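**Student:** Take this structure, written in structure tokens, and hold onto it; I'll ask about it next.
Values quoted throughout were computed directly from the atomic coordinates according to the rules given, and no laboratory measurement underlies them. Since this is a predicted model, take the numbers as computed values, not measurements. Every residue, glycine as well, gets a Cβ built from its backbone with ideal geometry; the counts of neighbours run over all protein chains shown.
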Amino acid sequence: MNDRDLTEFDSAVRMTGFFAANNDLLKNNAKAISMNTALLADIGVLETAGASRVSASGMRTDGTADKRAAKSDLNIYVRKIASTAKIIKKEEPDFDNQFKIPRGTPSGQQLLEIAGAFANDMTPAVTTKFNEFGLSGAISTNLTDKIR
């Protein structure tokens, strides 16, 4: 179904909902009952025919949700690293804070570049420092896995 077909289908579903909600007012109206019956039949046919198309469409876009979730997870993780690094810098001024995120929302590519730079800067000494401040998962391999 294209967008127009989906709009018409949604409209038909809403109309049957209207008939169901106002059944007391329309139960004696033969034209309304006839229209509702025809709509329900058409909706049944469209749902049956469209089920396989929707399923095939879902298979084409199956990885999209996973990609969005992975990007969100990486963004959260990178921001945790940056905020922990700020805390470490406040507590220990000698700490060389290489973990900074530019203002704004980074694009997917920028986020990958930032995360890659963080992974490169995550030396064993820095990892130990992050562990001391409560971010125990801040190791280069964990970050690399999230980048992948």
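**Student:** Summing Lys, Arg as +1 and Asp, Glu as -1, what charge do residues with Cβ under 15 Å from the Cβ of THR37 carry, THR37 excluded?
**Tutor:** Counting the neighbours of THR37, the net charge comes to +1.
**Student:** Per-residue HN-Hα couplings for segment 94-110, Karplus 6.51 cos²θ - 1.76 cosθ + 1.60 at θ = phi - 60°, whole Hz, x for Gly and Pro?
**Tutor:** Running phi through 6.51 cos²θ - 1.76 cosθ + 1.60 with θ = phi - 60° gives 6, 5, 8, 7, 8, 9, 10, 10, x, 4, x, 9, x, 5, x, 5, 4 Hz.
**Student:** Provide the per-residue ³J(HN,Hα) series for segment 13-19, in order, calculated from phi with Karplus coefficients 6.51, -1.76, 1.60 and θ = phi - 60°, each as a whole number of Hz, with x at glycine and proline positions.
**Tutor:** Result, ordered by residue: 5, 5, 5, 5, x, 5, 4 Hz.
**Student:** Taking θ = phi - 60°, what integer Hz values does the Karplus form 6.51 cos²θ - 1.76 cosθ + 1.60 yield along segment 122-133, in sequence order, with x for Gly and Pro?
**Tutor:** Karplus-based 3J(HN,Hα) across segment 122-133 equals 8, 7, x, 5, 5, 4, 4, 4, 5, 4, 4, 9 Hz.
**Student:** Can you tell me the length gained on complete extension of the stretch GLU8 to ASP42, counting 0.36 nm per residue apart and subtracting the Cα distance?
**Tutor:** Here the segment from GLU8 to ASP42 would lengthen by 11.1 nm.
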